[in-house]
Amino acid sequence: MSDDEADRDEDGATGSNDGGELEDVLSTVQSRVDPDADERARLRAVAATLTERAEDAATDLVAGADVLQVGSSARGTWISGDRDIDVFVRFPPELDRETLAEYGLEVGHATVPDGHEEYAEHPYVKGEVEGFDVDVVPCFRLESATEIRSAVDRTPFHNRYLEERLDEALAADVRLAKQFLKGIGVYGSDLRTQGFSGYLTELLVVEYGGFRSLLEAAADWHPPVEIDPEDHGADISFGDPLVVIDPTDPERNVAAVCAMENVARLQHYAREFRTAPSVEFFEPREPTPLTEAALREHLSDRGTTPVAVRFETPELVDDQLYPQLRKSLAGIVTGLEDCGFDVLRAQTFAAETAVVLAELSVAERPAIERHLGPPIHVRAHAEGFYDAYADDPEVYGPFVDGDRYVAERAREWTTARAFLESDAVFDVGLGAHVETALEDGYDVLVGEETAALLPEFDRQLGAYFDPQP
């Protein structure tokens, strides 16, 4: 199939471009992302030193322990300038988890003497050695990824699978793919980004046979997309927009963390890049800070009312914080809409303080609301509705409208501010730590009062009022 045929959309238009222009762009980017010989040699030397230290410490503790360098630096898929070395220490499966954790820290500190301890499923040691960021992570040495006892136990299997399939050309294309995903803002499997992990990116490049063919395929994806590199054929429904069955574990979707929006962004930018190649697609864009004058201008032009709930950011790592912020955002948006305050768009930000921002099409409502009762022929429910309001002097009605009773009653909240400042906000389904933070106090900002979010959130608000795909 020709490039033009591959790019032809439903309207018969083409996304073709001068192939020479595309190759020129990719060549320029490749020269930026490929580590040179000196960088490769330096990394190999430091990694060898670290591996030797870890092996000496591990084998002194227990027979049968071994050490692997894993990750992109082990597979030659790291981007020039990245300074990460991951050292995995594999212990015999006979060890219990407590002993594994104890031995893992001992080996970690022997490998990275100035390192500090961090915690995931197992504690591990993190530090800097000769300018490289080093993680020393303990795991169990297992025969199959289906036997894993913690998430990190998969990593050696992932490493081996990719090492067996990546050659120099594919590794170079992996670097292009990673930089492209960084450029469009969807690289990273952390729960703040909800994007494409390094492992997922490498699997996609291997599956499609290169960066160019990955973009060509992604441009025409129709989610949900399912990719099963090893044809496991597992009868499992994941319910995600992108499903990439882990070749080492058929019950796991490698792309589970990918948000629908980020899958769609890859599709959008794949089409844009193939139509008009540019190095700009590979360069992360920093939003322009929003000034107070620009904020006021946007509000005047849009005729909307922003409301913001601002509070002290809970002391959580991002992977715990952002799911709670998103849950709180969803709850507050639902609460506002249930009260008749129509939400045009909403977002959440966090730095030293955290913010749930909702832009309202309707910020004030009348003093009364229409309450529709059951059909009159549904006698028991209709009589109950009628009796509930018949003697209430503050209610207009009940009266008959069509075949139903209707009552016009006092509205509980006539302004979004009143709702957000009330205890009702605690009933909308907040994240646990966000709820605790709000109990300690929060501010409600309405309309031009949201200028108080500047300068802390000037770039986030700049991005909000200049939305990109």
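The values are calculated or read from the model by the stated rules, or taken from the named source; none is laboratory data. Treat the numbers as computed from the prediction; the structure is a model and nothing was measured. Ideal geometry is used to build each Cβ from the backbone, glycine not excepted, and the neighbour counts take in all protein chains shown. These area figures cover heavy atoms from the full protein model, side chains too; ligands, DNA and RNA do not enter into them. Shrake-Rupley method; radii C 1.70, N 1.55, O 1.52, S 1.80 Å.
So here's what we get for this one:
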{"read-out": "Of all residues making up the range 221-238, the number that are within 20 Å of Asn262 (Cα to Cα) and free of Cβ contacts under 8 Å to residues at least 12 places away in the same chain", "value": "1"}
{"read-out": "Yes/no for Glu272 being acidic (Asp, Glu) and outside the structural domain of Phe457 (by TED's automatic domain parsing)", "value": "yes"}
{"read-out": "Total residues in the range 408-445, condition within 15 Å of Gly331 (Cβ to Cβ) and among the polar types (S, T, N, Q)", "value": "2"}
{"read-out": "Qualifying positions in the range 340-371 - at pLDDT below 95 and buried (at least 19 other Cβ atoms within 10 Å of the Cβ)", "value": "Ala363"}
{"read-out": "Looking only at the range 127-147, and only at residues there that are over 19 Å from Ala45 (Cα atoms) and not hydrophobic (A, V, I, L, M, F, W, C), the one that is least open to solvent (accessible area, probe 1.4 Å)", "value": "Pro138"}
{"read-out": "Qualifying position, being farther than 22 Å from Ser189 by Cβ, open to solvent by 20 Å² or more (accessible area, probe 1.4 Å) and not hydroxyl-bearing (Ser, Thr, Tyr), among Asp301, Asp319, Asp240", "value": "Asp301"}
{"read-out": "Filter result for Arg154 (part of a helix (DSSP H, G or I), within 21 Å of Leu203 (Cα to Cα), of a type outside the set (Val, Ile, Thr) and at pLDDT below 95)", "value": "yes"}
{"read-out": "So Val206, is it of a type outside the set (Lys, Arg), open to solvent by less than 50 Å² (accessible area, probe 1.4 Å), more than 24 Å from Arg40 (Cβ to Cβ) and assigned by TED's automatic domain parsing to the domain that holds Asp246", "value": "no"}
{"read-out": "Residues within the range 273-325 that are without any contact (Cβ under 8 Å) to a residue 40 or more places away in the chain and either of a type in the set (D, E, K, R) or in a loop (DSSP other than H, G, I, E, B) (or both), tallied", "value": "5"}
{"read-out": "Any hit, the range 387-398, residues being open to solvent by 80 Å² or more (accessible area, probe 1.4 Å), of a type outside the set (Gly, Ala, Ser) and in contact with a Pro (Cβ under 7 Å, 6 or more places away or on another chain)", "value": "no"}
{"read-out": "Residue pairs meeting the criteria (Cβ under 7 Å; at least 6 apart or on separate chains; first touching a residue at least 24 places away in the same chain (Cβ under 8 Å) and closer than 9 Å to Glu283 by Cα, in the range 171-187; second open to solvent by 10 Å² or more (accessible area, probe 1.4 Å) and basic (Lys, Arg))", "value": "Ile184/Arg265"}
{"read-out": "Residue within the range 18-37 that is open to solvent by 30 Å² or more (accessible area, probe 1.4 Å), closer than 30 Å to Glu102 by Cα and either out of contact with any Pro (no Cβ under 8 Å at 6 or more places or on another chain) or assigned by TED's automatic domain parsing to the domain that holds Leu100 (or both) present", "value": "no"}
{"read-out": "Qualifying positions in the range 73-128 - within 30 Å of Glu39 (Cβ to Cβ) and aliphatic (A, V, I, L, M)", "value": "Ala74, Ile79, Ile85, Val87, Val89, Val107, Ala110, Val112, Ala120, Val125"}
{"read-out": "Qualifying residue in the range 168-178 (condition: of a type outside the set (A, V, I, L, M), open to solvent by 30 Å² or more (accessible area, probe 1.4 Å), modelled with pLDDT of 95 or more and over 18 Å from the mean Cα position of the chain (by Cα))", "value": "yes"}
{"read-out": "First in the range 246-269 and acidic (Asp, Glu), second anywhere and modelled with pLDDT of 95 or more, Cβ under 6 Å, 6 or more apart", "value": "Asp246/Val254"}
{"read-out": "Sole residue being surrounded by 13 or more Cβ atoms within 10 Å (Cβ to Cβ) and at pLDDT below 95, chosen from Arg8, Arg75", "value": "Arg8"}
{"read-out": "Condition broken by Glu261, with the remaining ones in (1) assigned to a loop (DSSP other than H, G, I, E, B); (2) open to solvent by 30 Å² or more (accessible area, probe 1.4 Å); (3) farther than 22 Å from His158 by Cα satisfied", "value": "(1)"}
{"read-out": "Any chance Arg285 is at pLDDT 95 or above, closer than 30 Å to Leu461 by Cα and basic (Lys, Arg)", "value": "no"}
{"read-out": "Residue match in the range 137-148 (condition: modelled with pLDDT under 90 and hydroxyl-bearing (Ser, Thr, Tyr))", "value": "yes"}
{"read-out": "Among residues of the range 438-469, those that are farther than 25 Å from Glu412 by Cα, touching a strand residue (DSSP E or B) at 6+ places or on another chain (Cβ under 7 Å) and crowded, with 17+ Cβ neighbours inside 10 Å, counted", "value": "4"}
{"read-out": "Selected residue (criterion: surrounded by the most Cβ atoms within 10 Å (Cβ to Cβ)) from residues of the range 405-419 that are touching a helix residue (DSSP H, G or I) at 6+ places or on another chain (Cβ under 8 Å) and more than 30 Å from Asp443 (Cβ to Cβ)", "value": "Tyr405"}
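Table: residues versus (1) in contact with a His (Cβ under 7 Å, 6 or more places away or on another chain); (2) within 15 Å of Gln69 (Cα to Cα); (3) among the small types (Gly, Ala, Ser).
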| site | (1), (2), (3) |
| --- | --- |
| His109 | no, no, no |
| Val112 | no, yes, no |
| Gly115 | yes, no, yes |
| Glu118 | no, no, no |
| Glu121 | no, no, no |
| Lys126 | yes, yes, no |
| Leu142 | no, no, no |
| Thr146 | no, no, no |
| Arg149 | no, no, no |
